[in-house]
1. State, as an integer percentage, the relative contact order of the range 41-229 based on alpha-carbon contacts under 8 Å between residues 6 or more apart.
2. Excluding PHE86 itself, calculate the net charge of residues whose Cβ lies under 12 Å from the Cβ of PHE86, where each Lys or Arg counts +1 and each Asp or Glu counts -1.
3. For THR64 and ARG97 in the same chain, what is the full-extension length gain: residue separation times 0.36 nm, less their Cα-Cα distance, in nm?
4. Calculate the translational D of the range 187-228 in whole µm² s⁻¹ from Stokes-Einstein, where the hydrodynamic radius comes from the Kirkwood formula applied to all Cα pairs, the temperature is 4 °C and the viscosity 1.567 mPa s.
5. Please compute, over every Cα-Cα pair in the range 159-217, the percentage with a separation greater than 14 angstrom.
6. Under a Cβ-Cβ cut-off of 12 Å, what is the net charge of the residues other than LYS162 that fall near it, where Lys and Arg count +1 and Asp and Glu count -1?
7. On the Cα set of the range 41-229, report Rg and Dmax in Å, please.
8. Let's test the formula: R0 of 22 Å, r as the Cβ-Cβ distance of ASN151 and VAL56. What FRET efficiency results, to the nearest 0.05?
Amino acid sequence: MAKKEKDDFQPSIFGSLLVAAVAIMVGIILATINLSLIAVAEVKEIPPDDESDVKVVYYVKGETKGGKNWETKRTYLEAGTPGSIFFDEGELNTWLRKTFSSKQIQKPNSGEEDKGEFLKIAATNPNVNIDGIDFQLSSVIEVPLYFKKFNIVYQTKGIFVKDDTGYNFVPEKSYFGSCPIPKLFGIQNRVFKIFSSDYLISEEYVALNTQWSELDVVSVENDMIKLVIPGS
């Protein structure tokens, strides 16, 4: 009798679906990791469609030399001097390199959770690339995996959207290595917040946050970002 019951046993529909769901999730995770580890192709400019490889994720790093004009423009922004300020990518990247470097980012106080330490990841200085009206933010992320350390490029293109707190950068297309980051369930925004969270506690962010929140316009045009400070 016991043998018959054992032979007649069949898994439930719920159990079968659960096993299938777990298998799918494992497959997605492994595929994501493998795609992330495929290096991007760093180029001077994105090749035209008829010359590009659909299997390759391209990456254009912004100009890193921008002189010292950014210092004067930053002073205008901090003082809230009415008018328009234009920054090109070289000026922005020089500014970011000098004021938002990992060495200058405040670390959490003792007892506070440090997400970066928990995940054991480290980001380099952010980089800006502006192409016409397209605005890209990127950073090289050092990730320990498979008992090795991998440098993976995180890049995201997006727009500046105004809400009750002022203008915020909203990602529209993002990649981690060669792995596209989906918009579904707000994943793209969540990933951006993880990689930008350390910079939101920097001294520079604290010093300029009030002025930034009061800007009338933040737009990207002619390979530059335009900031309009209100006033008479």
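1. 22 percent
2. In short, -3.
3. Stretched fully, the THR64-ARG97 segment lengthens by 11.0 nm.
4. So the translational diffusion coefficient is about 107 µm²/s.
5. In whole percent, the long-distance tail amounts to 64.
6. Result for the local shell: -4.
7. 17.1, 54
8. 0.80
Just so you know, all these numbers are worked out from the coordinates, no wet-lab data involved. From a predicted model like this one, the values you see are computed outputs, not experimental measurements. Because the Cβ atoms are built from the backbone with ideal geometry, glycine has one as well, and the counts that use them run over all protein chains shown.
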